[in-house]
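The values are calculated or read from the model by the stated rules, or taken from the named source; none is laboratory data. What you see is a predicted model, and the numbers here were worked out from it, not measured in a lab. Reconstructed Cβ throughout: ideal geometry from the backbone, glycine too, with neighbour counts over all protein chains shown. Side chains included, ligands, DNA and RNA excluded: accessible areas come from the protein's heavy atoms. Shrake-Rupley method; radii C 1.70, N 1.55, O 1.52, S 1.80 Å.
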Amino acid sequence: MLGAYLDFIRIRFLTMLAYRVNYYSGILIYSLNIGVNYFTWMAIYGTGQSLGGFTASQMTSYVAVSWMARAFYFNNLDREISTDIRDGSIAIQFIRPYNYVLVKMMQGLGEGMFRFMLFMIPGMGIAMLLFPVELPTELSSWAGFLVMLFFSFLINSQINVITGLSAFFVENNEGMMRMKRVVVDLFSGLIVPISLFPGWLSSVLEVLPFQAITYLPGSVFTGRVQGVGIWNVLGIQVFWFLVLLIPMVWLNHAARRRLFVQGG
């Protein structure tokens, strides 16, 4: 079955490649997002040297890598699963000789590989030309960041799968999907680094999985976390990956007992 699952990665990659022109505009949009955030943060810094533990140069790099990392880990697995449930095609998927949730994760990985090679890397190159982005100088920082980037994809995809499977129980989870996207973007540190949140809220976010998606990898890339600290934050990601497996597997099994199809 391993070969079959790998085929799902390949097929999704080739599908994305067929529509690659759409992602050229995506690079432009993400570059504009980085530009807006860059000039906003520079105006906030003014002549100040540090804010929330970030220097102005670190904030520039954090903004650029955070948005381009999102280009890799972002996917619409929640919407795909919700659509399968609403149109009833999930019934056919469930009787096929493979694990539906694992197939979705493989498809998401295929999309992520396309996004990494043809969206994130070119986009990061453009961001470096336009803004004073500083790259890590330590090999350990590069290795730690790339491994953490993969776990960012896994954790974000797990949250998407859990949100998508919730359609079995609420029937229409459109509002939930929209709320999830806002919550992930805000509380992951994409829009505002978690260290800049009020103390009580920052403490709450430290015990939630969202920081593992953007804030922790971004902190490694900018050099705010180094050496042994990289292993510590990677451990946080691994912990949340394992924890999120529980509701994802439980919902998958519970959904099979609740399966119904509306319409004729």
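Results, tabulated for the structure shown:
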quantity: Sole residue being open to solvent by less than 50 Å² (accessible area, probe 1.4 Å), over 26 Å from Gln93 (Cβ atoms), among the aromatic types (Phe, Trp, Tyr) and part of a helix (DSSP H, G or I), chosen from Trp231, Trp240; calculated: Trp240
quantity: Boolean, Gly235 is in contact with a helix residue (DSSP H, G or I) (Cβ under 8 Å, 6 or more places away or on another chain) and of a type in the set (Gly, Ala, Ser); calculated: no
quantity: Test for Asn99: is it under 21 Å from Phe210 (Cβ atoms) and open to solvent by 20 Å² or more (accessible area, probe 1.4 Å); calculated: no
quantity: Out of Glu206, Glu174, sole residue that is closer than 21 Å to Leu244 by Cα and open to solvent by 40 Å² or more (accessible area, probe 1.4 Å); calculated: Glu206
quantity: Members of the stretch 218-228 found to be closer than 16 Å to Thr137 by Cβ, in a helix (DSSP H, G or I) and not hydroxyl-bearing (Ser, Thr, Tyr), listed by number; calculated: Val220, Phe221
quantity: Wholly within the stretch 94-193, helices (runs of 4 or more DSSP H) carrying at least 3 residues that are of a type outside the set (Lys, Arg), free of Cβ contacts under 8 Å to residues at least 12 places away in the same chain and under 30 Å from Asn252 (Cα atoms); calculated: 174-187
quantity: Count of the stretch 1-26 residues which are hydrophobic (A, V, I, L, M, F, W, C) and not in a helix (DSSP H, G or I); calculated: 1
quantity: Selection count, the stretch 70-83, where residues are in contact with a helix residue (DSSP H, G or I) (Cβ under 8 Å, 6 or more places away or on another chain) and either without any contact (Cβ under 8 Å) to a residue 12 or more places away in the chain or open to solvent by less than 10 Å² (accessible area, probe 1.4 Å) (or both); calculated: 7
quantity: Residues of the stretch 27-69 satisfying the condition of being assigned to a strand (DSSP E or B) and either aromatic (Phe, Trp, Tyr) or buried (at least 16 other Cβ atoms within 10 Å of the Cβ) (or both); calculated: Leu51, Phe54, Thr55
